[in-house]
Amino acid sequence: MPEPAERAMWTFVERAFGICRSITGDGVRQTLSLLAERLPLEVHEVPTGTTVLDWTVPREWSIRDAWVKDPSGTVVIDFADHNLHLVGYSSPIHRKLDLADLKPHLHSLPDRPEWIPYRTSYYTETWGFCLPHRQLESLPDGEYEVFIDSSLEDGALSYGELLLPGDLEDEVLFSCHICHPSMANDNLSGVAVCLTLTEHLARSDRRRLSYRFLFVPGTIGAITWLARNEETTRRVRHGLVAANLGDGDFHYKRSRHGDAAIDRAVIGVLAATGRAHTTEDFMPFGYDERQYSSPGFDLAIGSLTRTPWGRYPEYHTSADNLDFISAGALQESLDLYLEVVEALEHGGTETDPKPQQQPAPRGATYLNLSPKGEPQLGRRGLYRSLGGGDGGRQAELALLWVLNLSDGRHGLIDIAERSSLPLDLLENAARELLEVDLLEKRSPCSPVRISGREGSS
Ligand code: ZN
C-alpha cells in the first residue's frame, strides 16, 4: 500500500497533467488552484507591461482551439488530442496554405519519429505545430487549412507563493517552475514534491528556519519574484530549485558559492543514502537557479534533481509522460528533500560568509551593469546563435558565464578556468556585451585583494 504522501503526489500529477500550461494564462491559474486546494497559497497576478528587472511581463496567452486539416479536409493535427501539438505562445491564424509553406511551421524529431517535441516561442511572435516525425513524413502534398484560436492580450503573469515562518527569519527558498504543458518529469514531478514538502513542513510543530515556496513560471516568473522581493532575498540563506524528480539517479548541481551550507547539506544527505548519484559545479544555465544566482543576488541556491534537464531522451517530448515517472521515485525525492531540511534545521545558521579578501582578478576584468537576474539577451540580438548547433550553444554559454562572473572579482582567465570555455570565446562574448552596454571594463589598477576561496570550486 503506498504511503499517503506518495498517493497524494501521484493524484496531483494525474490531475495536472492534461492542463495546457505556459508562462502566463489560465493553465497556470488552474495549476495554482489545484495547489491551493491543499495549501494556503498566495496567488499573485502581475499585470502585463510591468517592468521586472531587465524584463517586462509579457502579454497573456490564451488558447482555445488549434488544428490542421489536410487536403481532404481531415483534421490531421489537433491540439485537443495533445497540447504539445501546438507551439506554446502561437499567435492566432486561420489560413489555407500549401504543404511547402506549412512545413517551416511544423516541428518533429527525426531521431524519435513517434514522439511529439515541445516547442515554445515566448518572445518572438510566430505560430507552429509539433507532431511525430513519422506523421510529418506521411503528409500528402496539397492545400492545408490551419486554424489557431489563440489570443495574446494584456493580462497578468500568475505565480504562487507560501511562507512558513520559523523561529528565525532566515529563510530556505524552494522554487519550482509551473509553465510546462503535459510533461511529467520536467515539470510536474518538481511541483508535486514541493507541494507535498510544503504540507509536511506546515504540519511540523516546530520550525527553526522559515521556509518559502515559489511556484513560478520559468525564467520570467523567477525574475518577477526577484524584482518584487529584493528585501526578502536578503533573508534567504539556503535554497533549492526542484525539477526532474520522478525518474533515475539523483543529481545535485551546486550553488554558485560552491560550498555553501546547502551544498554541504545536500551532498551529505546524498552520500548517506549510499546510492548512486552525481554532482556538478554551478553553471549559469539550467532552471531558475541561474536567476537566483545572478551576481546581483548571489543566493546560495543549488538544484537537486534526478536526471538533469536535457540529459534524457524523453526530455521536452511527449514521452516525458506518466509512464516515464513513478510514484515511488517521487516519494524517494520527497524523503530526500525532507532529509535536507532536517540537515539545515540542525545545521546552525551558518551560511557561508563571503570571503572578505579575494585573489586579484586574472585577465581582462569587467563589471556586469545589469547584475540582477539575467539581462534579456534576445531583445539585444544576442541570442542569434541559438539553435546553431554546438558552436551557437557555446557562444550563448560564454555570454552567460561572462555576465554571471563579471562581479568585479573575476577576470576572463578566472572565467575560462571555471567554465572550461576557450578564452577567445569569452573575449568575444565580453566584446558583444560591451557593445550593448551590459558590461563595463574595469581599470587594471583596481585594488588588489588577496586570498579567499571563490573560484576554487
Ligand atoms: Zn523544461
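Observations
- Each label point was placed 7 Å from the Cα along the Cα-to-Cβ direction; for Thr11 and Lys103 their separation is 5.0 nm.
- Whole-number percent relative contact order across the chain, with pairs defined as alpha carbons under 8 Å at least 6 apart: 16 percent
- Relative to the dominant Cα principal axis of the chain, helix 389-405 is inclined by about 40°.
- Normalised per residue, the volume of the convex hull around the Cα set of the range 60-153 (Å³): 90 Å³
- The range 9-84: C-alpha gyration tensor shape, a/c 1.5 cut-off, then a/b vs b/c: oblate
- Calculated FRET efficiency, Leu369 to Thr124, Cβ-Cβ distance, R0 = 22 Å: about 0.30 to the nearest 0.05.
- Cα-based helix-to-principal-axis angle, 261-273 vs the chain, degrees rounded to 10: 70 degrees
- Positive end of the dipole of the chain (Cβ unit charges, origin at the Cα centre): among Thr48, Gly296, His94, the Cα lying farthest that way belongs to Gly296.
- Projected label distance in nm at Leu322 and Ser204, using a 7 Å step from Cα toward the beta-carbon: 3.2 nm
- Zone residues, the range 87-103, relative to Glu153, backbone N less than 14 Å from point 7 Å out along Cα-to-Cβ: 92
- Distance between the 7 Å Cα→Cβ label points at Asn428 and Asp259: 3.5 nm.
- Positive dipole terminus of the chain, leading residue within Gly166, Ser318, Val75 (C-beta point charges): Gly166
- Span per principal axis, largest first, for the Cα atoms of the range 96-196 (Å): 68, 35, 17
- For the range 146-163, the residues whose backbone nitrogen is under 19 Å from a point 7 Å from the Cα of Glu45, taken along Cα to Cβ, are 151-162.
- Taking every alpha-carbon pair under 8 Å whose residues sit at least 6 apart, the range 60-153 reaches a relative contact order of 45 percent.
- Only the Cβ atoms of Lys and Arg (+1) and of Asp and Glu (-1) were treated as charged; on that basis the dipole of the chain about its Cα centre amounts to roughly 1000 debye.
- By the count of neighbouring beta-carbon atoms within 10 Å, fewest first, Thr74, Thr120 end up ordered Thr74, Thr120.
- Residues Ser90, Ser33, Ser189, arranged from fewest to most other Cβ atoms within 10 angstrom of their Cβ, appear as Ser33, Ser90, Ser189.
- The chain: C-alpha pair distances exceeding 34 Å, %: 35 percent
- Sparse-neighbourhood loop sites, GluC sites (Glu not before Pro) in the range 3-83 - DSSP loop, at most 15 other Cβ within 10 angstrom: Glu37
- Candidates per GluC sites (Glu not before Pro) in the range 158-246, loop by DSSP, up to 14 other Cβ within 10 Å: Glu169
- Within a straight-line Cα-Cα reach of under 18 Å, Lys441 can be paired with the following aspartates and glutamates, leaving aside sequence neighbours fewer than 8 residues apart in one chain: Asp407, Asp414, Asp424, Glu427, Glu432.
- Treating r as the C-beta distance of Arg311 and Ala271 and R0 as 30 Å, the FRET efficiency rounds to 0.90.
No value in this document is a laboratory result; all are computed from the given coordinates. Because the structure is a prediction, the values reported are computed rather than measured. For neighbour counting, all protein chains shown are included, and Cβ atoms are generated from backbone atoms with ideal geometry for every residue, glycine included.
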